[in-house]
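Written out below as structure tokens is the structure these notes cover.
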Amino acid sequence: MILCDKDILASMASGDIVVDPFDQKYLQPASVDLHLDKHFLVFDTTQNFVIDPKKPMDDMMKEVVITEDRPFVLHPGEFALGMIYETTGVSDAFVGRLEGKSSVGRMGVMIHVTAGFLDPGNSLKMTLELHNTANMPILLYYKMPIAQMAFERMSDTCDRSYDKMGNAKYVGDTKPRASQMWKNF
């Protein structure tokens, strides 16, 4: 069941949900608004011509850091990894679901291709898989509202939370990271 605003606040008070920093003005009826961080990763297409999921991709990407007066330009058809400004986390009895803000989607920005799920036991700055579906460049500003997270209570606590899995690849991230898919082979 998706938590309502008062249940989100109660779960934050009990420590089952973390949103840091948190400002109550960003609390919605069934979610919390989240903002864009300043760190991005983009594929360096001048040196790379194919993405091989069996190989590490860290060296294929370059970091871009924006400031309040210098936004990130997401060009038509372009893909970039971004990050949520806030750290979000859930206990082993909750999950989080990340969705884009309607106003952002109406500009043509997809905030995640597939990874909008916050696993039980994880706490991190969630990575955004940004894609511009519009036919013109879009400016993305540091700390602009970009996403919202809804929280759900599970039927019971899980036996093995994400942070206790030996093969968890994205625990506690504080910057966007290239795909770690190669570790699955």
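Please treat every number below as a calculation from the coordinates, not as lab data. Computed from a predicted structure; not experimentally measured. Heads up, the Cβs are rebuilt from the backbone with ideal geometry, glycines too, and the neighbour counts pull from every protein chain shown.
Over segment 84-155, what is the mean sequence separation of C-alpha contacts under 8 Å (at least six apart), divided by residue count, expressed as relative contact order in percent?
It comes to 46 percent, rounded to a whole number.
Helix 5-14 versus the longest principal axis of the chain: what is the Cα-based angle in degrees, 0 to 90, to the nearest 10?
80 degrees
If you plug each phi of segment 126-142 into the Karplus form 6.51 cos²θ - 1.76 cosθ + 1.60 with θ = phi - 60°, what whole-Hz ³J(HN,Hα) values come out, in order, with x for Gly and Pro?
Values per residue, Gly and Pro as x: 5, 7, 9, 9, 7, 9, 8, 9, 7, 9, 8, x, 10, 8, 10, 9, 4 Hz.
Which distance in nm do the two modelled labels at Asp5 and Val113 give, with both placed 7 Å along the Cα-to-Cβ direction?
Simple spin-label model gives 3.6 nm for this pair.
Sorting check: for 106-112, 65-71, which peptide has the highest mean count of neighbouring beta carbons within 10 Å, and how do the rest follow?
106-112, 65-71
Between [x] 122; [y] 132; [z] 146, which matches volume of the Cα convex hull per residue in Å³ calculated for the structure shown?
[x]
Work out the FRET efficiency for Gln180 and Lys25 from their Cβ-Cβ distance, taking R0 = 41 Å, and round it to the nearest 0.05.
E(calc), rounded to 0.05, equals 0.70.
Taking segment 94-185, how many lysine pairs are there with alpha carbons less than 29 Å apart, if each pair must be eight or more places apart or span two chains?
Lysine pair count for segment 94-185: 15.
With labels modelled as points extended 7 Å from the Cα through the Cβ direction, what inter-label distance (nm, one decimal) is found for Asp156 paired with Phe79?
With each label placed 7 Å out from Cα toward Cβ, I get 3.9 nm.
Once you list every other residue whose beta carbon is under 12 Å from the beta carbon of Gly166, what net charge do they have if Lys and Arg are +1 and Asp and Glu are -1?
Cβ neighbours under 12 Å give a net charge of +3.
Relative to a virtual label point 7 Å from the Cα of Glu68 in the Cα→beta-carbon direction, which members of segment 108-148 show backbone nitrogen distances below 19 Å?
So the set is 140-146.
Once phi is turned into ³J(HN,Hα) by the Karplus curve 6.51 cos²θ - 1.76 cosθ + 1.60 with θ = phi - 60°, what whole-Hz value does each residue of segment 16-33 show in order, with x for glycine and proline?
Here the 3J(HN,Hα) series is 6, 10, 10, 9, 9, x, 10, 10, 4, 5, 9, 7, 9, x, 9, 6, 10, 6 Hz.
Amide H neighbours of Phe94 under 5 Å, at least 5 residues apart or on other chains, H built in the peptide plane: list them.
Amide H neighbours of Phe94: Gly121, Met154.
Per DSSP H run of at least 4 residues, take -39500 (n - 2.57); add these up for the chain, divide by its residues and hand me the 222 nm value, nearest 500 deg cm²/dmol.
It lands at -2000 deg cm²/dmol.
Given springs between every Cα pair under 10 Å in a Gaussian network model of the chain, which of Tyr26, Tyr170, Tyr141 has the largest fluctuation?
Tyr26
³J(HN,Hα) across segment 97-110 via Karplus (A = 6.51, B = -1.76, C = 1.60, θ = phi - 60°), whole Hz, x for Gly/Pro?
For segment 97-110, the Karplus curve yields 10, 8, 9, x, 6, 4, 5, 6, x, 6, 8, x, 9, 8 Hz.
If amide hydrogens are placed 1.01 Å from N in the peptide plane, which non-local residues have theirs closer than 5 Å to the one on Ala115?
none
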